[in-house]
Amino acid sequence: MSNSHKIALITGANKGIGFEIANKLGREGIKVYVGARNATRGEDAAQKLRNDGISATFILVDLNDHNSILDAAEKIKKTDGHLDILVNNAGIIDPKDGVPSDSDIDTIKSTFETNFYGTLLVTQSMLPLLKASKNGRIVNISSGLGSLALNSDPSWEFSQTKLIGYNASKAALNMLTVQLAWELKDTPIKVNAANPNFTDTELVPGATGGRPVSEGAKTAIGLALIGEDGPTGKFFEDYYNNEECPW
């Protein structure tokens, strides 16, 4: 299947890693849906991609608005009839998040609502369209902070970053990756998770020293484009060098 006939949806694609993924997939000749919860920012991002010759369309996807997710799936179905690549990129970190003993329960709930429940509904809603593809791909943007192994390793460089809401929501996303890959093991669909590492984006306002967005998006792009012999049910730190992240 040539890239010119492929369709991709990237959530949270109006900026940061999501925009970079949309940009790189678009440059491969793939039609990209720029998923965003803000219509103005989403359309601006799609227009920027179109100005560079990429086939890009804004589509409203708000992980806290279930109707927007269902409407997006229906729109893609009517327009294209299938979906080849789903990149679950949208996510949040709440500044009120922190260690388990001192975190507001509503903050934890809202973080899960976006990072896990919303992502799960997007995946469920898009799955019939992915099954209509000859080789569907699902890439979940996770984090090393969602790794139980790394969280329990005192020598890990981010071992002091204990955000019970964010870290636990990414651990749940990792579980979704493993279980969905198992559920779809007899289909052509491949499901993997990518760890972008600490990247210079707006996810953590004021944070400095992160990797360039081009590096943070690299593994997710590789997983979106894997062939029939590619992996499934894996968590990659660096896909191109076959470096996996421990669960």
Checklist line | Test: residue in region 180-196 that is surrounded by fewer than 23 Cβ atoms within 10 Å (Cβ to Cβ), of a type in the set (K, R) and at pLDDT 95 or above | finding: yes
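Conditions (1) closer than 23 Å to I226 by Cβ; (2) in contact (Cβ under 8 Å) with a residue 12 or more places away in the chain, marked per residue:
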| site | (1), (2) |
| --- | --- |
| E43 | no, yes |
| D52 | no, yes |
| V61 | no, yes |
| D65 | no, yes |
| D71 | no, no |
| H82 | yes, yes |
| V87 | yes, yes |
| G91 | yes, yes |
| K96 | no, no |
Check: So I69 fits all but one of (1) in contact with a Leu (Cβ under 9 Å, 6 or more places away or on another chain); (2) farther than 24 Å from N174 by Cα; (3) buried (at least 21 other Cβ atoms within 10 Å of the Cβ); what number is the exception?
Finding: (2)
Item checked: Every pair of residues 6+ apart whose Cβ atoms lie under 7 Å, when the first sits in region 228-247 and is touching a residue at least 24 places away in the same chain (Cβ under 8 Å) and closer than 16 Å to T199 by Cβ while the second is in a strand (DSSP E or B) and aliphatic (A, V, I, L, M) -> F236/A194
Check: Out of curiosity, is K170 part of a helix (DSSP H, G or I), basic (K, R) and either more than 19 Å from A13 (Cα to Cα) or modelled with pLDDT of 95 or more (or both)?
Finding: yes
Notebook entry, point to check: Residues of region 106-121 being more than 12 Å from the chain's Cα centre (by Cα) and within 11 Å of A168 (Cβ to Cβ), which ones?
Noted result: I108, T111, F112
Next item on the list: Give the residues of region 135-155 that are exposed (fewer than 14 other Cβ atoms within 10 Å of the Cβ) and either among the hydrophobic types (A, V, I, L, M, F, W, C) or modelled with pLDDT under 95 (or both), sorted by residue number.
Entry: L148, A149
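The values are calculated or read from the model by the stated rules, or taken from the named source; none is laboratory data. All values derive from a computational prediction rather than experimental measurement. All Cβ positions, even for glycine, are placed from backbone atoms using ideal geometry, and neighbour counts span all protein chains on display.
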